Amino acid sequence: MKQLNHEEITNNNQKFPITIVCDAIRTPENIGMCFRIAESFGVSKIYLHENSPTIENRSVKRTARNTFNEISFEQYHNFSQTIDTLKKEGNSIIGIEITDQSINIQDFDFKNHKKIVLLLGSERHGIKNIDLVDATISIPMYGRNSSMNVVHSLAITLYEVTNQLSVISN
């Protein structure tokens, strides 16, 4: 067995109809990792709140490893207006959040949605206006902790979404 280096690996380079909206995420490393993970999973676009760290931030740059050059992104000012616009464009707004109506991620059928927006809440307060989402999904956890880092939940969610959607495209 031989461990492969970056030059020996070839990925599919596939884009999925997935957009990420970051609801006022403040930690630069979380923004950088959001770019890195989103690029790895073929996300089409990222929206960042105007108060979130930008790609000019040193920690964002270091963590993202230039993936912001590979993925479309823009800043927004008004959260509700941005979500409303994305809905009008035919997106299903899916919050990654624990609510009394959340569906376990493995039970949610992402294939029934043509365009998906994954909504990430802020590290401290979660999704600002949960009433704007079409559905919420949660990740089953088996330890005592009831939540995980926002970027870890994004990675798990993107794995499940792209796993389901890649079945359609193959």
Residue under question is residue 162, and the condition is that it be in a loop (DSSP other than H, G, I, E, B) and either hydrophobic (A, V, I, L, M, F, W, C) or out of contact with any Cys (no Cβ under 8 Å at 6 or more places or on another chain) (or both); does it hold? no
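Quick grid of which residues meet (1) at pLDDT below 95; (2) closer than 20 Å to residue 40 by Cβ; (3) not aromatic (Phe, Trp, Tyr):
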site: 76; (1), (2), (3): no, no, no
site: 90; (1), (2), (3): no, no, yes
site: 154; (1), (2), (3): no, yes, yes
site: 158; (1), (2), (3): no, yes, yes
Run down 26, 62 and say which single residue is at pLDDT 95 or above and farther than 20 Å from residue 92 by Cα. 62
Per the filter on the stretch 139-159, residues within 16 Å of residue 31 (Cα to Cα) and without any contact (Cβ under 8 Å) to a residue 12 or more places away in the chain are 148, 152
Of the residues that sit in the stretch 131-154 and are part of a loop (DSSP other than H, G, I, E, B) and touching a strand residue (DSSP E or B) at 6+ places or on another chain (Cβ under 7 Å), which one is nearest to residue 105 (Cα to Cα)? 140
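What are the residues in the stretch 61-93 that are β-branched (Val, Ile, Thr) and in contact with a helix residue (DSSP H, G or I) (Cβ under 8 Å, 6 or more places away or on another chain), if any?
If the condition is that a residue be β-branched (Val, Ile, Thr) and in contact with a helix residue (DSSP H, G or I) (Cβ under 8 Å, 6 or more places away or on another chain), then 63, 67, 71, 83, 93 are the ones that fit.
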The condition from (1) more than 14 Å from the chain's Cα centre (by Cα); (2) of a type in the set (D, E, K, R); (3) closer than 21 Å to residue 30 by Cβ; (4) assigned to a helix (DSSP H, G or I) that residue 128 misses is numbered (4)
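The values are calculated or read from the model by the stated rules, or taken from the named source; none is laboratory data. None of these values were measured; they are calculated from a predicted model. Positions of Cβ are backbone-derived with ideal geometry, glycine not excepted, and every protein chain shown enters the neighbour counts.
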